[in-house]
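Report on the following structure.
The values are calculated or read from the model by the stated rules, or taken from the named source; none is laboratory data. Given the structure is predicted, the values throughout are model-derived calculations rather than measurements. Glycine gets a Cβ as well: all are built from the backbone with ideal geometry, and neighbour counts include every protein chain shown.
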Amino acid sequence: MDAREQLISKARVRGWEPLVWLLAFALPWLMPSHALIVNEVAIVALFAVSLDLVLGYTGIVSLGHAAFLGFGAYAAALFAKHVVPDPLLGLLFGTVCATALGAVCSLTILRGTDLTRLMVTLGMALILLELANKLDWLTGGSDGLQGVVMGPVLGRFEFDLYGQTAAWYSLSVLLILFGLARRWAHSPWGATLMAVRDNPLRAMAIGIPVHNRLAVVYTVAAALAGAAGALMAQTTGFASLDVFALERSADVVLMLVIGGVGWLYGGVLGAVVFKLMHDVISGITPQYWTFWIGLFLVVLVMVGRERLIRPWLWFGRAADAKGAVADAKGGAL
Amino acid sequence: MLTLLFDGIAYGMLLFILAVGLSVTMGLMNFINLAHGAFAMAGGYLTVVLMQRWDLPFLWCLPVAFAGTALLGALLERTLYRHMYSKPHLDQVLFSIGLAFMSVASMDYFMGSQQQIMQLPEWLRGRTELGYGDNVVLGMGHYRLFIIAVCAALTVGLQFILAKTRFGSRLRASVDDARVAAGLGIPVNLIFAATFAVGSGLAGLGGALGAEVLGLDPTFPLKFMVYFLIVVAVGGTSSITGPLWAALLLGIADVAGKYYMPKLGSFIVYSLMIAILIWRPQGLFVRKGGR
């Protein structure tokens, strides 16, 4: 198979994909009492997909992705409160604001080591957290931004108490943006991102403008995260300081690692698994659930993700295991 | 004005002691350890428990905090951290933040989520003020004076070990290039384990000293993780003077910023860090050559 065919075959829509999406859209209708969770999962899935573009496809370790989520959330909430309560316009406004922020922030991640990038991204989220906390005349400070009333979607579908409209709204936005991201990541342009991730020096040598790629992918990812934030603010009618918190950035990295990096469905899958896990564990021990998340992270890294989801690799010789891992990776690509 | 500077220096010295272990381990093994604050917290809680339950005098608690956390560090290094060195940075970040989460939740479970209060001995409680009559030029809390003295002594000691002893020269060689150092017969792994233990011990000592100034509750590792990382990222990882200046700068900027512009809070510190890192991505004080 030559390189061109390989690229095309990756971009092809698999048979199971429409089924998964149909199931997702049917869920709020099948289980109306769980519509709120479906809505939450759809939003964090969008957030995780956004991080996947940065972390999985381009290899930028970011611990401050919540900056864009929070910025989009506050922008959308303020827009609804002070300008127009229309959800789609608000979504657009939140996304545009986060995109602008992403474009500015992308200048900060062009140079430096992993540590520098980690610190700069983390610092950005912390700065926004401080700002949102201190500008209390605008954001409500630590009380959060309350009293956001949303109008009906498309002027027709009111947000209901059980969250069915919210779930369908978020799922639709997720589907559209996911489709665009998928198309984009699988284009030749997206392939250059992976080249940059694997070896920036060589990528530069074959004529890929590395800084340009980093800046653009970071900006696009910020836009997606901002959209997720806007959805969150709109469907909950609330924006609070914890959208900027470190835990949120760490959680989304965890989701991505659970689902698999460098694979857009990894973000979606990770979001589903993480939310279910969160629900179950915090149902058992609401106060100490971070302990189990921490333990899970440690075990995940110690054992290795491949071996955790394919336990049969434990038995069999090391060489076989390595071969199987390589196969699995090849298959995933 | 001078009082602010004094408080800033005390705070900076404390941050330096807390972060120096992180800086050396990061320079040595290129390992991003976000759980460093957990060792500091362990030292702090050890001191509180020893003082409250067993009535040990404060001065005795400090060496115990150092030894206890150093032991803990050595144990964790041998069992867990050792496997992480060759992994990609993402894995290291996940692993160590997992450890930090676990430490936060278990401290919460065992000690409760409230702030711990430290009973300082009588002779450390007072405050000396210098000035003309009512016009106070410099007010020095005795405890802060004590912190500066201890940390300065430790800094001089560390610098001496690093510059003059055989262990120090081996350590510096390993930081510059671990592979070549190993090729020359330097036991890099052993040196790393020892350094990790000492670094954790220093963090524990810093946590014990800082419990009164910084406050001690189970969220300590996450709350101060950012500060440690700023010290390391700004100061660079190739020497201990870099982190020292970075820590002092951070301490003074933080204290002064919170005093003059309380509305902005930590905003100044973070902005300063980002500006510095954009200007000098490898840190402010980097030795030429090396890696």
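Here are the numbers for the structure shown:
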read-out	value
Condition met for A:VAL61 (modelled with pLDDT of 80 or more and surrounded by fewer than 23 Cβ atoms within 10 Å (Cβ to Cβ))	yes
Lone unmet requirement of (1) away from chain B (no Cβ under 14 Å); (2) exposed (fewer than 12 other Cβ atoms within 10 Å of the Cβ); (3) among the charged types (D, E, K, R) for A:ASP198	(1)
Any hit, segment B:198-206, residues being in contact with a helix residue (DSSP H, G or I) (Cβ under 7 Å, 6 or more places away or on another chain), touching a residue at least 12 places away in the same chain (Cβ under 8 Å) and surrounded by fewer than 24 Cβ atoms within 10 Å (Cβ to Cβ)	yes
Sole residue being without any contact (Cβ under 8 Å) to a residue 12 or more places away in the chain, outside any loop (DSSP other than H, G, I, E, B), over 21 Å from B:ALA19 (Cβ atoms) and out of contact with any strand residue (DSSP E or B) (no Cβ under 6 Å at 6 or more places or on another chain), chosen from B:LEU50, B:LEU56, B:LEU75	B:LEU75
Selection within segment A:261-278 - in a loop (DSSP other than H, G, I, E, B) and closer than 19 Å to B:GLY98 by Cβ	A:VAL261
One residue from A:ILE258, A:ILE293, A:ILE281 being touching a His at 6+ places or on another chain (Cβ under 9 Å), modelled with pLDDT under 85 and in a helix (DSSP H, G or I)	A:ILE293
Qualifying residue in segment A:208-226 (condition: more than 14 Å from chain B (Cβ to nearest Cβ), within 29 Å of B:LYS223 (Cα to Cα), modelled with pLDDT under 90 and buried (at least 21 other Cβ atoms within 10 Å of the Cβ))	no
Residue within segment A:84-95 that is within 10 Å of another protein chain (Cβ to nearest Cβ), part of a helix (DSSP H, G or I) and either among the polar types (S, T, N, Q) or crowded, with 22+ Cβ neighbours inside 10 Å (or both) present	no
First in segment B:102-113 and under 10 Å from B:MET41 (Cβ atoms), second anywhere and modelled with pLDDT under 80 and assigned to a helix (DSSP H, G or I), Cβ under 9 Å, 6 or more apart	B:VAL104/A:THR290
Exclusive hit being within 14 Å of chain B (Cβ to nearest Cβ), crowded, with 18+ Cβ neighbours inside 10 Å and in a helix (DSSP H, G or I), set A:SER106, A:SER170	A:SER106
Residue in segment A:243-256 that is under 30 Å from A:GLU158 (Cβ atoms), more than 10 Å from every other protein chain (Cβ to nearest Cβ), among the aliphatic types (A, V, I, L, M) and surrounded by fewer than 24 Cβ atoms within 10 Å (Cβ to Cβ) present	no
So A:THR236, is it of a type in the set (S, T, N, Q), at pLDDT 80 or above and more than 21 Å from A:VAL61 (Cβ to Cβ)	yes
Residue within segment B:33-50 that is within 14 Å of chain A (Cβ to nearest Cβ) and of a type in the set (Phe, Trp, Tyr) present	no
Leading residue by the ranking (farthest from the chain's Cα centre (by Cα)) among those in segment B:88-115 that are closer than 19 Å to A:ARG117 by Cβ and more than 7 Å from chain A (Cβ to nearest Cβ)	B:PRO88
Check on A:SER142, within 14 Å of chain B (Cβ to nearest Cβ), farther than 30 Å from A:GLN6 by Cβ and touching a residue at least 60 places away in the same chain (Cβ under 8 Å)	yes
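This table checks each residue for (1) surrounded by fewer than 24 Cβ atoms within 10 Å (Cβ to Cβ); (2) in contact (Cβ under 8 Å) with a residue 40 or more places away in the chain; (3) touching a helix residue (DSSP H, G or I) at 6+ places or on another chain (Cβ under 9 Å).
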residue: A:TRP16; (1), (2), (3): yes, no, no
residue: A:HIS34; (1), (2), (3): yes, no, yes
residue: A:ALA42; (1), (2), (3): no, yes, yes
residue: A:LEU46; (1), (2), (3): no, yes, yes
residue: A:GLY56; (1), (2), (3): no, yes, yes
